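Down below is the structure, laid out as structure tokens.
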Amino acid sequence: MLHLNDWYETSFNESNYLYPLMQQEIKEILKGLQVDYTTTISGWVRTFRNNQFIALNDGSTNNNLQVVVDFNTFDEALLKRITTGSCIRATGKVIASLGKGQSVELIADTVEILGDSDPEVYPLQPKKHSLEFLREKAHLRFRTNTFGSVFRLRNALAFGIHQFFQEQNFIYMHSPIISASDAEGAGEMFRVTSLNLDKLPKTDNGEVDFSEDFFGRSANLTVSGQLEAELAAMAFTKVYTFGPTFRAENSNTTRHLAEFWMIEPEVAFNELKDNADLAEEMLKYVIQYAMEKHPDDIDFLDARLAEEEKQKPTNERAEFGLKEKLNFLLANDFERITYTEAIDILLQSPAYKKKKFQYEVSWGIDMQSEHERYLVEKHFKKPVIVTNYPKGIKAFYMRQNDGEETGRETVAAMDILAPGIGEIIGGSQREERLDKLEQRMKEMHIPAEEMYWYLDTRRFGTCKHAGFGLGFERLVQFVTGMGNIRDVIPFPRTPNNCEF
Ligand code: 4AD
Ligand code: MG
């Protein structure tokens, strides 16, 4: 039998071991590679059955380790304190399990209560809680199976994204969080100020005098790191940002957050097709990475979603299970169509002919989510890259396509639409021609003087380039199958909600 000290000596530099605490990760123990040795574990009690079987979880996996205590030898007062939610440390022997549902279990020699949890008031009962209820207990929901799986996958996706770009020698660039520009030109920004709101300084014509503010001008939380990433791409060729972005849009939907994380690669010399290739390759890479890293969590969420779908009427059920959907994405090329083709498909669709769409369909519209969902879920049944949108509905920095008929001018934009999510990526080739860019900014009333730094890259050594923004939470939604974006970020910020 291997003793704790032997174990420590042989594995102290293995990542699964939290030395100097000398406690092993439950995930490692459950692999069952070794039995008949003594070890120590710590975690939170999920359930305590028959005064004998503790289901213990330490967050390394959503599978619990069964810790067996002998109620004849353990102090009764101590046994009483082993309750759902309490934190304990146990030392004992790992043995091959005779019981069903687990390969190994730990026969406890000692159990130490690290933190009590009064079962009368602990909000999480050992039963299924609704996601709505758990959202109100977001400080404790990490301790549930669903959120354990979601946030381990979120972590893997974040790391996978860095790995993908780092393997290709992209430079990770930190774009500023406080910014004076409105990159998307949408004006949905949170103001950052240190002015006393009860005594605002005013100019002669009665407006707030931001020259008295902290930065000597008005400033906001950034809506995107793109413009700064473009500047860096004009030196490093391949860059990406991965940071928080903020939008004060009053959208109470299952796809919108006021604070979300965005990944924005920007690549010099790339054109629209290269941009789409990069996006497709990246999505496939990170999804595969997360699936390989946490197969148990994917299995758990797959079963969870199947259960949830069963509650729905048959005609509303998703066609694919979670794993099926992800594997299908990995194995197939994304569909690529132009905006004009997309509109034609919608106009030809039975849904349109039967007047099933709530919003109108015609060339020039900003497609609504019902249209996007029709394209990906009903028509193509897979991710779709839509390119070349009407100029009138897109941002000023997108490259204007040459030789288009009047009234049908387009820009080299691309959106990637994913089943169940809608828009997961938005991007474009950028307008690198100074005269065209200046003219477009004038048309859209974007002050060129304030944006001199952006225009300078077009003045000095301009070149074609392209990039996109991936909404990180929408990616996590796609991979976990969670229906509400509030359930894939630890502490969601949405209209009227800034708890925790
Ligand atoms: O399409 P968007 O607005 O594009 C940009 O911000 C560009 N500057 C990106 C670029 O080209 N570098 O946003 C990009 C993505 C969307 O496709 C969506 O996935 C996500 O960000 N997103 C949101 N996610 C959650 N909550 C919101 N309110 C979001 N708004 C956009
Ligand atoms: Mg967009």
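Quick notes
- Within region 257-280, tally of residues that are surrounded by fewer than 19 Cβ atoms within 10 Å (Cβ to Cβ), in contact (Cβ under 8 Å) with a residue 12 or more places away in the chain and not in a strand (DSSP E or B): 4
- Among the numbered conditions (1) buried (at least 19 other Cβ atoms within 10 Å of the Cβ); (2) away from ligand 1 (no atom under 11 Å from the Cβ), the only one that residue 235 does not meet is (1).
- When residue 499 is tested against (1) buried (at least 18 other Cβ atoms within 10 Å of the Cβ); (2) assigned to a loop (DSSP other than H, G, I, E, B); (3) away from ligand 1 (no atom under 15 Å from the Cβ), exactly one condition is not met: (1).
To keep it simple, each residue is scored yes or no on (1) in contact (Cβ under 8 Å) with a residue 40 or more places away in the chain; (2) more than 15 Å from ligand 2 (Cβ to nearest atom); (3) closer than 26 Å to residue 362 by Cα.
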site	(1), (2), (3)
388	yes, no, yes
394	no, no, yes
397	yes, no, yes
414	yes, no, yes
420	yes, yes, yes
428	yes, no, yes
444	yes, yes, yes
456	no, yes, no
459	no, yes, no
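- If only residues of region 195-254 that are part of a loop (DSSP other than H, G, I, E, B) and among the basic types (Lys, Arg) are counted, the one that is nearest to ligand 2 (Cβ to nearest atom) is 247.
- Screening region 411-455 for residues that are hydrophobic (A, V, I, L, M, F, W, C) and away from ligand 1 (no atom under 16 Å from the Cβ) and picking the one that is modelled with the lowest pLDDT gives 448.
- Residue 485 passes every criterion in (1) within 21 Å of residue 276 (Cα to Cα); (2) of a type outside the set (Gly, Ala, Ser); (3) within 16 Å of ligand 2 (Cβ to nearest atom); (4) surrounded by fewer than 23 Cβ atoms within 10 Å (Cβ to Cβ) apart from (1).
- The residues listed here are 115, 99, 59, 85; of these, the one that is farther than 30 Å from residue 137 by Cα and either of a type in the set (Gly, Ala, Ser) or in contact with a strand residue (DSSP E or B) (Cβ under 9 Å, 6 or more places away or on another chain) (or both) is 99.
- Within region 464-482, residues that are without any contact (Cβ under 8 Å) to a residue 40 or more places away in the chain and near ligand 1 (Cβ under 9 Å from one of its atoms) have Cβ atoms under 8 Å from residues that are of a type outside the set (S, T, N, Q) and in a strand (DSSP E or B) in no pair, counting only partners at least 6 apart in sequence or on another chain.
- Residue count for region 351-386 satisfying the condition of being closer than 20 Å to residue 272 by Cβ, of a type in the set (A, V, I, L, M, F, W, C) and either assigned to a loop (DSSP other than H, G, I, E, B) or touching a residue at least 60 places away in the same chain (Cβ under 8 Å) (or both): 3.
- Which listed residue is at pLDDT 95 or above, loosely packed, with under 14 Cβ neighbours inside 10 Å and outside any helix (DSSP H, G or I), from 491, 468: 491
- Residue within region 484-492 that is hydrophobic (A, V, I, L, M, F, W, C) and touching a strand residue (DSSP E or B) at 6+ places or on another chain (Cβ under 6 Å) present: no
- Selection status of residue 94, in contact with a Phe, Trp or Tyr (Cβ under 8 Å, 6 or more places away or on another chain) and over 29 Å from residue 154 (Cβ atoms): yes
The values are calculated or read from the model by the stated rules, or taken from the named source; none is laboratory data. Remember, it's a predicted structure, so these values are computed and weren't measured experimentally. Because the Cβ atoms are built from the backbone with ideal geometry, glycine has one as well, and the counts that use them run over all protein chains shown.
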